[in-house]
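Every number in this text was worked out from the coordinates using simple rules, so none of it is lab data. Computed from a predicted model, the values in this text were never measured in an experiment. With ideal geometry, Cβ positions are generated from the backbone for all residues, glycine too; neighbour counts draw on all protein chains shown.
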Amino acid sequence: MKNTVFIHTNGKQMAGAIVSAHSLRRNSRKPEAFDVRIISQEDFAFFQEFEGRQFLRASGWRTWRNDDLQSFTPTRFMPPELMDYEGRAVIIDPDVFAVGDVNELFTRDMEGKAIMARRRAGHNGRDDYIASSVMLLDCAKLRHWNVRLQFEEMFAGKLDYENWMLLANEPRESIGFLEPAWNDFDKLTPATKLLHNTKRRTQPWKTGLPIDFTNRVSWIGRFLPENGRRAWGKYKKHPDPRQEALFFALLRECLDTGQITRQQIESEMRDNHVRHDAIDLIRSVPPLDKILGEVRLAA
């Protein structure tokens, strides 16, 4: 089984996933050494069976909505199944973009670990926080991962969504840790390998659009009606203009090479998945190599 990078997404984040796939191939010295595969939550019919049902998250109950911005997150645990529990896989969010060579993950020594991911101790009040948004997986060691069964357990109250996402139920000895550069949270430096535009309110391709996600629930939020947990306002401009330029330079390359069409971009703009000035930004943004060169010079 050929090593594969999986980008998990849904329809709302498909433009990001296409740009992400291009960045992985473009910035690898050996793009032929691995496959890139986009998997979309809408492709797995069983999610529809749970629409409107209550599931366990952070010790409280939430309603599952397939049209939520992040309804794709359970699919990040699908690669071992899709690889027939063979070989290595990397799974990344659709807002993760390669500026380094992802093939370095496939060739690194995992030291017998089943999973490698970035530790983020203390984030969201969890000392055991592990960011599963980028993972290197030894699929043969993860035969206990079955997404449909685990997904069903959330609705039965047997599995907490938050614990699932944070790998809290995985044996600690099976997890190794990636360097921060492999999941750099809204930080673009010469050391960055995978840039993650993880702050939803400032994702560069959404600036000015109405917010379409639900806030995470704090202990106070559990006492609010569900519609009171909905985020409001508009997406804000990313504080680092280089990260905005990086995305639109990559998108222009996707357009130039036919990986995405102008009609698709315009459709994404109409659906409020991509900001309405995207075409103008594609025309005006500097070439990607110039942007990356400025990043390296900033060291």
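Points to keep in mind about this one:
- Reachable aspartates and glutamates, given that their alpha-carbon falls under 13 Å from the alpha-carbon of residue 141 and they are not under 8 places away in the same chain: 81, 84, 86, 111, 170, 173
- Within region 86-129, the GluC sites (Glu not before Pro) that combine a DSSP coil assignment with at most 13 other C-beta atoms in a 10 angstrom radius are 86, 111.
- Antiparallel content of DSSP bridges confined to region 4-196, in %, to 5: 55
- Eligible lysines near residue 237 by straight Cα distance, threshold 16 Å, same-chain separation 8 or greater: 187, 199, 206
- Between residue 29 and residue 121, the FRET efficiency from the beta-carbon distance, with R0 = 45 Å, is close to 0.85.
- On full extension, the segment bounded by residue 108 and residue 256 gains 50.0 nm, given 0.36 nm per residue less the C-alpha separation.
- Only Lys, Arg, Asp and Glu carry charge here, each on its Cβ (+1 for the first two, -1 for the last two); on that basis the chain has a dipole of about 740 debye about its Cα centre.
- Here the mean projected area of the convex hull built on the C-alpha positions of the chain is 15.3 nm².
- A simple spin-label model places the labels of residue 169 and residue 128 1.2 nm from each other, with each point 7 Å out along Cα-to-Cβ.
- Flagged links, alpha-carbon separation over 28 Å, of 113/158; 30/290; 12/193; 12/236: none
- Only Cα pairs under 8 Å and 6+ residues apart enter the sum, and on that basis the relative contact order of the chain stands at 18 percent.
- Along the axis of the charge dipole computed for the chain (Cβ charges of +1 for Lys and Arg, -1 for Asp and Glu, origin at the Cα centre), the listed residues 144, 1, 27 are led at the positive end by 27.
- Cβ-derived FRET efficiency at R0 25 Å, residue 213 paired with residue 290, nearest 0.05: 0.15
- Extension reserve of the residue 266-residue 84 stretch, reckoned as 0.36 nm per residue once the Cα distance is removed: 61.8 nm
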